[in-house]
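Step one of this worksheet: look at the structure below.
Taken together, the values in this text are just the output of simple stated rules run on the coordinates, not laboratory data. None of these values were measured; they are calculated from a predicted model. For neighbour counting, all protein chains shown are included, and Cβ atoms are generated from backbone atoms with ideal geometry for every residue, glycine included.
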Amino acid sequence: MNEQEFERLLRICRIKLQDAEREKIKKDIESVLDYFDTIQQIDTGNIAEQYHPIPIDQRLRQDSESAFEDVDLLLANSRTHRFYVVGPKI
Amino acid sequence: MNSIEEFYSLDKKPDYAEAFLEDLSELNSRLNAFLNISKISGQNYPFSVKDNICVKNVETTASSKILRAYLPPFNATVVERMLSKNFDFLGKTNMDEFGFGTFGLNSDRVPRNPFNEDYVAGGSSSGAAIATAVLKYHIAIAESTGGSISAPSAFCGVVGFTPTYGAVSRHGLIDYANSLDKIGLMSRSAKDIRHVFDIIKGPDNYDSTCIDIGKRKIPESETQKNTIFLINQINGFLDEDVKSHFSGLVSKLENMGFAIKTIDFSLLDKAIPTYYIISMAEASTNLARYTGFKYGSKNNEFSHDYNSFFTESRSNFGTEAKRRIILGTFVRGASVKSRYYGKALKVRGLLISKMKEILKQGFILSPTMPILTPKIEDANSLTPMQNYGLDILTIPPNLSGFPHVSFPYDYDKGLPMGAQLISDHFNDYSLLDFVENWENAFEYKFKYNLGSV
């Protein structure tokens with residue numbers, strides 16, 4: 001991974017690294033990706049991609065309204081204005 | 001009698017709870033098992049909760065700075081079920097940040113092994129294992145993604161049970177990797193685990209991936225219950241000391257009447273890269289929700305544009321979390337997705353079918369960890385690759401969702417050693433039967449027994 005690709009990746013992740021951390025992580029990433037590549041040798045033939053370790057039925061619940069009692073506690077985790085959560089501008 | 005029944009038959013002094021909490025608080029200042037401790041009555045059996053599981057109005061951070069001060073407005077289903085059966089919530093236990101670690105060292109407060117404080121307690125459910133090893137009457141609600149229950153259980157000499165994927169509701173769990181996360185238990189006996197597993201398992205309307213293992217269970221044959229397979233390829237990864245202790249365990253099991261067989265499993269070492277690709281890919285999406293205004297620590301620089309606000313807030317992640325977000329984002333990239341993530345999902349399918357062939361005929365047994373308990377300073381100097389490699393024995397059942405249990409089987413220079421037994425999907429209780437049987441002939445040793453009367 002060259003410098004430009006690494007920089008682009010950091011931008012996508014919204015991760016900012018200090019110099020020392022940056023050098024360390026960039027160096028580790030090369031060796032980890034080489035290691036990841038070792039699975040290319042495995043012949044997976046027609047095996048399907050396994051998204052869950054066991055088959056899970058698609059269960060759906062009734063789409064119905066219900067009250068959440070602790071609204072104050074819910075909002076206490078954010079800075080709020082009236083009953084709106086305050087966030088950065090987009 | 002299990003320890004839960006024993007606890008209720010104790011003749012406790014009026015100041016039992018107060019004295020207990022004082023002792024625990026003092027010991028905790030050295031071992032860092034708990035991130036917070038709650039007041040308990042002393043009348044009900046106590047349970048602890050790993051810090052990535054929500055307890056209403058109790059700070060829940062998954063050991064991350066980014067979630068500091070987060071107060072969940074609800075209880076996780078597993079917590080709700082424990083409280084409904086009159087267990088007392090004792091506190092939140094320490095862990096590697098978001099579960100990212102094998103030794104517990106990715107936490108601001110370094111957890112220490114209760115048998116010798118210079119050594120690691122294991123991770124990521126480090127606090128749960130320490131608490132179990134120091135408290136006479138207590139059960140820990142822990143969580144495993146790639147070995148986070150087995151590893152610390154082995155290093156702290158307790159029983160660590162990871163059920164079949166989906167057996168316990170994950171509603172209220174702070175996700176690391178959705179297709180791998182499993183809530184499980186730690187205790188000083190298989191009997192207590194059976195008692196509490198019966199309470200917490202089972203379908204939940206709040207988690208569509210939660211299943212009824214009883215409905216899926218296929219009856220086991222006597223041969224399956226009495227046969228233990230040892231994987232040939234494991235030998236190449238074990239320390240000599242571990243090999244020698246483990247062969248002692250195998251002889252004992254042979255004497256107990258188990259048929260011991262060896263078998264090849266050539267894909268063993270490929271489970272690690274497969275696991276890390278899937279877990280990092282999933283972690284990188286799960287951690288995208290931490291933006292600095294919705295949960296936990298706040299970035300109040302609202303004049304910044306969204307991207308700089310988001311980027312600034314995320315500097316609160318630790319180094320390992322950043323590494324996993326970066327790698328996980330990379331392997332999901334459009335140009336390499338089929339090469340890494342897609343391929344890993346296929347290899348997982350292959351690994352499951354190969355392991356299932358073996359598990360239909362019996363258990364798989366191995367040491368839980370390939371090394372003796374390392375000193376904290378030695379574990380700190382490992383590279384990420386060396387670290388990931390040490391998960392070789394705990395990753396295969398976790399990646400494949402097979403139930404497994406780590407149980408103490410020996411001690412080396414005063415430090416406990418654990419072995420890990422794996423069973424087929426939905427055969428969770430066969431593991432507890434096995435450990436209960438093993439416990440009849442094994443004497444647990446603990447340095448602390450807080451809560452004794």
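Give me B:HIS195, A:HIS81 ranked fewest to most by other Cβ atoms within 10 Å of their Cβ, as a rough exposure proxy.
A:HIS81, B:HIS195
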query: With each label point set 7 Å from Cα along the Cα-Cβ vector, what nm distance links B:LYS217 and A:GLN58?
result: 3.1 nm
message: With θ taken as phi - 60° and the coefficients 6.51, -1.76 and 1.60, list the Karplus ³J(HN,Hα) couplings across the stretch B:42-51 in order, rounded to whole Hz; mark glycine and proline as x.
response: x, 8, 10, 5, x, 9, 10, 10, 4, 6
- prompt: Simple spin-label model, 7 Å along Cα-to-Cβ: A:GLN18 to A:LEU74 in nm?
  reply: 3.9 nm
message: Please compute the modelled spin-label separation between A:LYS27 and B:TYR411, points set 7 Å along Cα→Cβ, answer in nm with one decimal.
response: 4.1 nm
Shape category assigned to the stretch B:12-64 from the gyration tensor of Cα positions, a/c cut at 1.5: oblate
query: Given a cut-off of under 8 Å on Cα pairs at least six residues apart, what relative contact order in percent is computed for the stretch B:156-307?
result: 23 percent
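Kindly put A:PHE83, B:PHE246 in sequence by how many other C-beta atoms sit within 10 Å of each C-beta, fewest to most.
On the way: A:PHE83 7, B:PHE246 22.
With the sparsest Cβ surroundings first, the list reads A:PHE83, B:PHE246.
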task: For B:GLY123, enumerate residues with amide H under 5 Å from its amide H, sequence gap 5+ or separate chain, H modeled in the peptide plane.
output: B:PHE103, B:GLY104
- line: The answer for B:SER366, listing residues at least 5 apart or on another chain whose modeled amide H is closer than 5 Å to its amide H, is B:GLN420
query: Given only helices, namely DSSP H runs of n ≥ 4 each adding -39500 (n - 2.57), what is the per-residue ellipticity at 222 nm of chain B, to the nearest 500 deg cm²/dmol?
result: -10500 deg cm²/dmol
statement: Restricting to Cα pairs under 8 Å and 6 or more apart, the percent relative contact order of the stretch B:4-100 works out to 32 percent
query: Mean separation of Cα pairs under 8 Å and 6+ residues apart, divided by the residue count of chain B: what relative contact order is that in percent?
result: 20 percent
- line: A student applying the Cα gyration tensor rule (rounded when a/c is under 1.5; otherwise prolate if a/b is larger than b/c, oblate if not) would label the stretch A:1-40 prolate
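Per 0.36 nm of contour for each residue apart, how much would the distance between B:LYS13 and B:ILE263 grow if the chain were fully extended, relative to their Cα-Cα spacing?
Working: separation 250, 0.36 × 250 = 90.00 nm, distance 5.50 nm.
Contour length minus Cα-Cα distance gives 84.5 nm.
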